[in-house]
1. Quick check: residue separation of residue 128 and residue 242 times 0.36 nm, minus the Cα distance between them. What number comes out in nm?
2. Between [x] 25.5, 86; [y] 21.3, 75; [z] 22.2, 75, which entry matches Rg and Dmax of the Cα atoms in Å as derived from the coordinates of this structure?
3. Out of the trypsin sites (Lys or Arg not before Pro) in region 61-157, which ones are loop residues according to DSSP with at most 12 other C-beta atoms within 10 Å?
4. Normalising by the residue count of the chain, find the relative contact order in percent from Cα pairs under 8 Å and 6+ residues apart.
5. Using 0.36 nm per residue, how much length does the chain from residue 158 to residue 117 gain when fully extended, once their Cα-Cα distance is taken away?
6. Considering only Cα-Cα distances, which of the following residue pairs are longer than 27 Å: 84/238; 31/80; 2/111; 152/286; 152/316; 252/307?
7. Would you grab the residues whose amide H sits under 5 Å from the one on residue 107? Only those 5+ places off in sequence or on another chain, please, with H modelled 1.01 Å from N.
8. Return the percentage of antiparallel bridges among DSSP beta bridges fully within the chain, rounded to the nearest 5 %.
Amino acid sequence: MKIIRIGVDTSKQVFQVHGVDENEQPALRRKLTRGELEKFFAKLPATRVGLEACGASHYWARVLQGMGHEAVLVPPQYVKPYLKRGKSDAKDAEAICEAMSRPGMRFVTPKSAEQQAGLMLLKTRELLVKQRTMLSNAIRGHAAEFGVIGAKGKGKLAELMQRALGEAAGLPALAREMLGVQFAQYQTLDATVDELDRRLLALHQQSPVSQCLATQPGIGPVTAITFTLKISNPQDFKSCRHFAASLGLTPKEHSTAGRQRLGGISRQGDERLRQLLVLGATARIKNAKPGRTPPWLLDLIARRPKKVAAVALANKMARTLWAMMISGELYREPREEAHRNTCRETRPRAA
């Protein structure tokens, strides 16, 4: 009996495996502990192993590949349709095994340890930026309760603190002390974020792909390195349209009886990548001026509301990024005729 495919349902300590033979009949059902998993697969002949693309799945994919197995990661949303009534670890493993057998199934390319380390740098920066913003808002809110109001902007916070801690503001000693504690923490976070920004810039400068992506208007070093690290294999997508759809920048479809009905954008896929593209598109639209901005973009802004135009431009930017990752070519401004043809293919609308 030869096992041709195994699905693995992972967790922190308990792992369920489900394998089928050449006749697609269940040949392996077993529950393993974390310590038993590696020993079990080390004894098996090389086979195809599928896991859900979730926490620690990239690590286990690398471990299995090191043993000679072919490890594939299946997106969880593509596994769910194959889950039978009820839910258990055994049924989840069986659903993974069934999903990975389908000819049209899409898989996630396992990331290397270095790529995951780079993504950890990005996520750490995002977390600290959020905490810094929370502290800034808290300081402004507490100062406002005592009648001390400051101008907007990161650079104006020190001036606000100077006025709040001054004798003229008349704040109680305890209030001044608490504001000082919060501002000290804010300054520490600000310095740490600046250091992480320098690390990200160095990572960007070391990556030819990231530098290539940054040549597109609206794409900065942070966005470029984020796409480089998260999209490790652009060949996973059949075309630029599939790539834009995977980011949730294309319309939801509710077509029936031969009638095509398109709604707002789906907002599926990686939220952070979509957010960065929309922010970059919004910045381009905000700074658009005749003479410096391509005519096709000025025409789009004139015809559509700004938010709708930003989503449409983000869609176009996503397609261009995919083409640049595939070809390795630097950004080139599209011809007017080519842009019109692209616009006729799809017109994404803001949700």
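Read-outs throughout are calculated quantities, based only on the coordinates presented, and are distinct from any laboratory measurement. For clarity, every value in this text was computed on a predicted model and none was experimentally measured. Positions of Cβ are backbone-derived with ideal geometry, glycine not excepted, and every protein chain shown enters the neighbour counts.
1. Numbers: separation 114, 0.36 × 114 = 41.04 nm, distance 3.27 nm.
Once the chain is fully extended between residue 128 and residue 242, it gains 37.8 nm.
2. Given [x] 25.5, 86; [y] 21.3, 75; [z] 22.2, 75, the structure-derived one carries the label [x].
3. On the way: sites: 62, 84, 85, 87, 91, 106, 111, 123, 125, 130, 132, 140, 152, 154, 156; in loops: 84, 85, 87, 106, 111, 152.
Those that pass, being in a loop and sparsely packed, are 84, 85, 87, 152.
4. Values: 471 pairs, mean separation 39.8, N = 351.
The normalised contact order for the chain reaches 11 percent.
5. On the way: separation 41, 0.36 × 41 = 14.76 nm, distance 3.38 nm.
Gain on stretching residue 158 to residue 117: 11.4 nm.
6. On the way: 84/238 30 Å; 31/80 21 Å; 2/111 29 Å; 152/286 19 Å; 152/316 33 Å; 252/307 17 Å.
Over 27 Å Cα-Cα: 84/238; 2/111; 152/316.
7. Under 5 Å from the amide H of residue 107: no residue qualifies.
8. Values: 17 of 27 bridges.
So the antiparallel bridges amount to about 65 percent of the total.
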